[in-house]
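Novice: Okay, here's the structure, questions in a sec.
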Ligand SMILES: NC(=O)c1ccc[n+]([C@@H]2O[C@H](COP(=O)([O-])OP(=O)(O)OC[C@H]3O[C@@H](n4cnc5c(N)ncnc54)[C@H](OP(=O)(O)O)[C@@H]3O)[C@@H](O)[C@H]2O)c1
């Protein structure tokens with residue numbers, strides 16, 4: 001058993017979010033007291049019963065429900081939120097990939113002072129009962145926050161999904177969606193290191209600029225400004241796409257299929273545009289997979305955890321040589337976990353979203 005404290009929390013991965021109720025948009029403010037109380041509620045259920053926070057108070061009538069028109073719609077959303085957030089409201093501690101320092105350990109593999117990353121509770125002090133799932137940090141010379149991103153789970157996701165799943169070759173045409181996010185920004189840079197031509201899509205002009213000027217993408221476009229995604233892809237890839245690193249799904253996937261080349265590969269990493277939908281959208285252009293003999297392959301980063309050490313050394317080398325650069329979006333304080341998490345689904349993060357809970 002390893003008692004672990006003081007951590008940097010990466011926002012919970014997109015798949016872990018209790019999302020349908022949040023999809024509706026602005027009714028849940030970024031700094032929602034509701035969301036904050038959910039964290040307070042989570043913290044009352046400390047594993048060891050010693051460091052419990054205040055008892056949770058769930059507001060009976062949140063402010064956005066009071067008196068104005070649309071009360072019925074608001075009530076519906078409130079009930080939906082209750083249903084969706086039942087995991088949170090049942091006082092379970094939220095979990096996330098984070099960086100921690102061991103305070104006490106009853107496990108022979110860990111001692112006080114060790115730095116580790118892995119899945120831990122969203123709390124200032126956490127009790128880890130399965131320390132085998134943690135990874136020791138071998139390069140403390142880098143900012144520790146890198147182990148929530150470029151040297152941690154998202155980095156390994158980009159590396160495995162690009163090299164092992166997509167199997168790139170020099171000179172190939174690569175397209176990356178959600179390209180300025182934690183995974184996408186790394187895929188683009190790994191593609192450049194491999195000698196590929198790489199284009200990314202992102203949801204703002206600022207992000208597009210970042211892709212071209214900081215991460216070295218050959219081209220990029222703001223998908224929110226494009227009326228016709230198929231036309232945008234044809235403009236960027238007149239000869240078609242060899243590799244699509246899929247982070248978003250939906251309309252983008254449909255447009256990409258039309259633009260894939262013969263024997264192209266689609267590395268299915270995630271479908272963030274679908275996570276909040278009550279009914280996932282369909283994909284219409286599947287026949288392209290047949291006619292163009294495209295390989296579409298999903299993967300889970302957890303299957304690659306056994307290869308972590310090799311990845312860590314290679315990525316640390318790229319960072320030291322300046323071949324990879326990394327952008328983070330840091331929120332301060334545990335109370336900002338909910339806002340940071342929800343912000344991902346509106347593209348508010350620029351680079352890897354994480355929350356600094358403590359800095360030692
Ligand atoms: N397979 C695995 O093992 C594995 C592991 C980790 C992550 N993932 C997946 O990889 C993907 C990227 O993760 P990440 O950590 O890099 O994400 P991230 O840094 O959190 O970035 C998420 C970005 O997705 C974009 N986005 C949000 N909603 C969108 C929508 N409806 N349509 C299009 N874009 C949207 C936003 O950027 P814009 O402003 O550009 O829209 C947002 O900033 C996710 O789908 C995640 O679930 C998979």
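The values are calculated or read from the model by the stated rules, or taken from the named source; none is laboratory data. The shown structure was predicted, so the numbers you read here are calculated from the model rather than taken from an experiment. Here the Cβ is made from the backbone with ideal geometry for all residues, glycine too, and neighbour counts use every protein chain on show.
Novice: Restricting to the range 226-247, what's the tally of residues that are out of contact with any strand residue (DSSP E or B) (no Cβ under 9 Å at 6 or more places or on another chain) and within 12 Å of the ligand (Cβ to nearest atom)?
Specialist: Qualifying residue count, the range 226-247: 0.
Novice: Going residue by residue through the range 155-168, is there one that turns out to be at pLDDT 95 or above, part of a loop (DSSP other than H, G, I, E, B) and over 15 Å from residue 309 (Cα atoms)? Walk me through how you get there before you give the answer.
Specialist: Taking the range 155-168 first, the residues at pLDDT 95 or above are 155-168.
Retained after the next criterion (residues that are part of a loop (DSSP other than H, G, I, E, B)): 167-168.
Adding the requirement that they be over 15 Å from residue 309 (Cα atoms) leaves 167-168.
Yes; the residues of the range 155-168 include at least one that is at pLDDT 95 or above, part of a loop (DSSP other than H, G, I, E, B) and over 15 Å from residue 309 (Cα atoms).
Novice: State whether one or more residues within the range 224-231 are within 23 Å of residue 300 (Cβ to Cβ), assigned to a loop (DSSP other than H, G, I, E, B) and in contact with a helix residue (DSSP H, G or I) (Cβ under 6 Å, 6 or more places away or on another chain). It would help to see each step written out before you state the result.
Specialist: Taking the range 224-231 and keeping what is within 23 Å of residue 300 (Cβ to Cβ), we get none.
Looking through the range 224-231, none of the residues is within 23 Å of residue 300 (Cβ to Cβ), assigned to a loop (DSSP other than H, G, I, E, B) and in contact with a helix residue (DSSP H, G or I) (Cβ under 6 Å, 6 or more places away or on another chain).
Novice: Another question, if that's okay. As an exercise: evaluate residue 340 against (1) buried (at least 19 other Cβ atoms within 10 Å of the Cβ); (2) touching a residue at least 40 places away in the same chain (Cβ under 8 Å); (3) in contact with a helix residue (DSSP H, G or I) (Cβ under 9 Å, 6 or more places away or on another chain) and give the number of the one condition it does not meet.
Specialist: (3)
Novice: Further question on the same structure: Which residue is nearest to residue 263 (Cα to Cα), if the candidates are limited to the range 169-203 and must be part of a strand (DSSP E or B) and within 16 Å of the ligand (Cβ to nearest atom)?
Specialist: Per the stated criteria, the residue is 174.
Novice: Restricting attention to the range 313-334, report how many residues are in a helix (DSSP H, G or I) and within 19 Å of the chain's Cα centre (by Cα).
Specialist: Of the residues in that region, 2 qualify.
Novice: Evaluate the following for residue 261: is it away from the ligand (no atom under 16 Å from the Cβ), in the same structural domain as residue 181 (by TED's automatic domain parsing) and not in a strand (DSSP E or B)? Write out each step before concluding.
Specialist: Values: away from the ligand (no atom under 16 Å from the Cβ): yes; in the same structural domain as residue 181 (by TED's automatic domain parsing): yes; not in a strand (DSSP E or B): no.
No, not satisfied.
Here is a yes/no grid of residues against (1) within 14 Å of the ligand (Cβ to nearest atom); (2) out of contact with any strand residue (DSSP E or B) (no Cβ under 9 Å at 6 or more places or on another chain); (3) free of Cβ contacts under 8 Å to residues at least 60 places away in the same chain:
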{"position": "129", "(1), (2), (3)": "no, no, no"}
{"position": "137", "(1), (2), (3)": "no, no, yes"}
{"position": "144", "(1), (2), (3)": "no, no, no"}
{"position": "150", "(1), (2), (3)": "yes, no, no"}
{"position": "154", "(1), (2), (3)": "yes, no, no"}
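Novice: I would also like to ask the following. Hey, could you check the range 292-307 for residues that are touching a helix residue (DSSP H, G or I) at 6+ places or on another chain (Cβ under 6 Å) and near the ligand (Cβ under 7 Å from one of its atoms) and say which is nearest to residue 257 (Cα to Cα)?
Specialist: The qualifying residue nearest to residue 257 (Cα to Cα) is 299.
Novice: If residue 283 satisfies all but one of (1) part of a loop (DSSP other than H, G, I, E, B); (2) within 21 Å of residue 168 (Cβ to Cβ); (3) more than 13 Å from the ligand (Cβ to nearest atom), what's the number of the condition it fails?
Specialist: (2)
Novice: Let me ask something else about it. Would you point out which residue out of 106, 98 is more than 20 Å from the chain's Cα centre (by Cα) and at pLDDT 60 or above?
Specialist: Answer to the selection: 106.
Novice: May I pose another question? So which pairs qualify, if the first residue must be in the range 201-227 and farther than 20 Å from residue 248 by Cα, the second must be loosely packed, with under 15 Cβ neighbours inside 10 Å, the Cβ gap must be under 6 Å, and the two must be at least 6 apart or on different chains?
Specialist: Qualifying pairs under 6 Å: none.
Novice: Which condition number does residue 159 fail, the rest of (1) touching a residue at least 60 places away in the same chain (Cβ under 8 Å); (2) more than 14 Å from the ligand (Cβ to nearest atom) being met?
Specialist: The failed condition is (2).
Novice: Run down 298, 270 and say which single residue is crowded, with 17+ Cβ neighbours inside 10 Å and outside the structural domain of residue 138 (by TED's automatic domain parsing).
Specialist: 270
Novice: Here's a follow-up. Suppose we keep only residues that are away from the ligand (no atom under 11 Å from the Cβ) and on the phi < 0 side of the Ramachandran plot within the range 204-222. Which one would you say is surrounded by the most Cβ atoms within 10 Å (Cβ to Cβ)? Talk me through it step by step, then tell me what you get.
Specialist: Restricting attention to the range 204-222, the residues satisfying the condition of being away from the ligand (no atom under 11 Å from the Cβ) are 209, 212-219.
Retained after the next criterion (residues that are on the phi < 0 side of the Ramachandran plot): 209, 212-215, 217-219.
Numbers: 209: 14, 212: 15, 213: 10, 214: 15, 215: 25, 217: 27, 218: 17, 219: 15.
Restricting to residues being away from the ligand (no atom under 11 Å from the Cβ) and on the phi < 0 side of the Ramachandran plot, the top hit is 217.
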